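Contents: one structure, followed by commentary.
The values are calculated or read from the model by the stated rules, or taken from the named source; none is laboratory data. Just so it is clear, the structure is predicted and the values come from calculations on it, not from any experiment. Don't worry about glycine lacking a Cβ; one is built from the backbone with ideal geometry, like all the others, and counts go over all protein chains shown.
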Amino acid sequence: MTRLMHRSLLSTPPVATSARGIEIFDADGRAYIDASGGAAVSCLGHGHPAVLDAMRRQMEAVAYAHTSFFTTEAAERLGELLIEDAPEGLEYVYLVSGGSEAVEAALKMARQYFVEIGQPQRRHIIARRQSYHGNTLGALATGGNEWRRQQFRPLLIETHHIDPCFSYRFREEGETDEQYAARAAGALEEKILELGPDTVLAFVAETVVGATAGAVPPVADYFRRIREICDRYGILLILDEVMCGMGRTGSLHACEQEGIAPDLMTIAKGLGGGYQPIGAVMVSGKIYDAIRAGSGFFQHGHTYMGHPMAAAAAVAVLETIRGDNLLTNVRAMGDLLDERLRARFGNHHHVGDIRGRGLFRAIELVEDRATKRPFAPARKVHAAIKKEAMARGLMVYPMGGTIDGARGDHVLLAPPFIVKPEDIDRIVERLGEAVDAVIG
Ligand code: PMP
């Protein structure tokens, strides 16, 4: 009998009792390979000694100090480290406790920026369908996942959605990368013109789409065009790298591979590697300066922002990624994972697409490969695969299709950056068995 309100009220998950490296163990002694890093969180795996040491030291020095009274060495160090490797123009860091908080803060900061510079008429947020930006009301309103939004719609702020850049689903027959990038980015300009350019606040997008559609990278040039359009109309570009950032795609920030930088960028998940709840907004000098010169105070704040334990853990995670040269492993193991997935599923009659970057990969499952017709959502293929994978000692992160058929079920893989070739083989082998058990 549980007194906890679990995610599903119909079942209780296994009890995790210990975790080391890429594995989590349950109370019955069963081992599970963490091939999804939870939800793309555990980038260093579990029980990493450098992070545990840093947390222990911080806990003994000062476990908590409210940010309206104090800053801490850990938080200051984290700010410095993040800015040393930041995309161009991002010069300040605002610490929060997770991804949704980071998105809320970014939206409010964008709004306050325009109020400070005398453009209070800017209020429209444009984002994309097939996106996820968090579960708090502002972030939920921004995300374009109808299934998550539906019953809360009366509570959501007004937002506007355009089609994502999603080659497998939205590229037209015969369209080149360049043509598709122009058309997909053009949808933003059309929406801006429809709303009135001087009423638009920000465009929000995941650089590589995560939870909702499954590791969908943009086509080349899409974000360069998006950046240009935002600049043309004086609109802020907010990139949400909560899931795809912090090394997951093979570069510290996913936008590096697009050759652009946003005005605001949200990060979380891998920032604390799961050792502590932490998120951040990386802020351009332009926005910081406007708020500093205006009211001098960002009208926001949470009790646990800048938590010293969380900051200390994040510093240790970042220093480990750097010191152990883990991004090189992310790229090499990412290539190997892609190769193995293609070998195992390339001819599978229910795998429509294999995609992703670095150690951020997904397979999309369809009833019919030729027409890309998804499985009926009621079949819950993704949930069945998760169950079969868990029964084989494998954690993967599957998600359902959409009622309108805009995408099928997918399985997301996001293993820790420390994986070895033999781990990749075991992951793909077990995933193959789980997929075949459900839709073989
Ligand atoms: N943005 C993106 C892109 C995410 O993937 C997530 C979490 N899946 C969030 C925001 C919300 O983060 P959190 O769950 O930490 O609030």
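Points worth noting:
- Taking each residue of the stretch 269-285 that is under 13 Å from GLU91 (Cβ atoms) and looking for partners that are outside any strand (DSSP E or B) and more than 11 Å from the ligand (Cβ to nearest atom) with beta-carbon atoms closer than 6 Å, six or more apart or interchain, yields VAL281/ALA105; MET282/ALA86; SER284/GLY89; SER284/ASP263.
- Listed by position, the helices (runs of 4 or more DSSP H) inside the stretch 92-163 whose residues that are within 27 Å of GLY294 (Cα to Cα), within 13 Å of the ligand (Cβ to nearest atom) and not aliphatic (A, V, I, L, M) number at least 3 are 99-116.
- Within the stretch 249-302, the residues that satisfy the criterion of being small (Gly, Ala, Ser), within 21 Å of ALA202 (Cβ to Cβ) and either outside the structural domain of LEU78 (by TED's automatic domain parsing) or more than 18 Å from the chain's Cα centre (by Cα) (or both) are GLY259, SER284, GLY285, ALA290, ALA293, GLY294, SER295, GLY301.
- In the stretch 9-36, the residues that are polar (S, T, N, Q) and at pLDDT below 95: SER11, THR12
- Scanning the stretch 260-273 for residues that are of a type in the set (Gly, Ala, Ser) and buried (at least 24 other Cβ atoms within 10 Å of the Cβ) returns ALA268, GLY270, GLY272, GLY273.
- Residue within the stretch 168-180 that is within 16 Å of the ligand (Cβ to nearest atom) and either touching a residue at least 12 places away in the same chain (Cβ under 8 Å) or touching a Lys or Arg at 6+ places or on another chain (Cβ under 8 Å) (or both) present: no
Each row is one residue, and each column tells you yes or no for (1) within 17 Å of GLY247 (Cα to Cα); (2) among the aliphatic types (A, V, I, L, M); (3) in contact (Cβ under 8 Å) with a residue 60 or more places away in the chain.
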position: TYR304; (1), (2), (3): no, no, yes
position: PRO308; (1), (2), (3): no, no, yes
position: GLU319; (1), (2), (3): yes, no, yes
position: ARG331; (1), (2), (3): yes, no, yes
position: LEU341; (1), (2), (3): no, yes, yes
position: ASP353; (1), (2), (3): no, no, yes
position: GLU367; (1), (2), (3): no, no, no
position: THR371; (1), (2), (3): no, no, no
position: ALA378; (1), (2), (3): no, yes, no
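- Of all the listed residues (ILE83, ILE125), the sole one being within 27 Å of the chain's Cα centre (by Cα) and surrounded by 21 or more Cβ atoms within 10 Å (Cβ to Cβ) is ILE125.
- Within the stretch 228-252, the set of residues being at negative phi and within 13 Å of the ligand (Cβ to nearest atom) comprises ILE238, LEU239, ASP240, GLU241, VAL242, MET243, CYS244, GLY245, ARG248, THR249.
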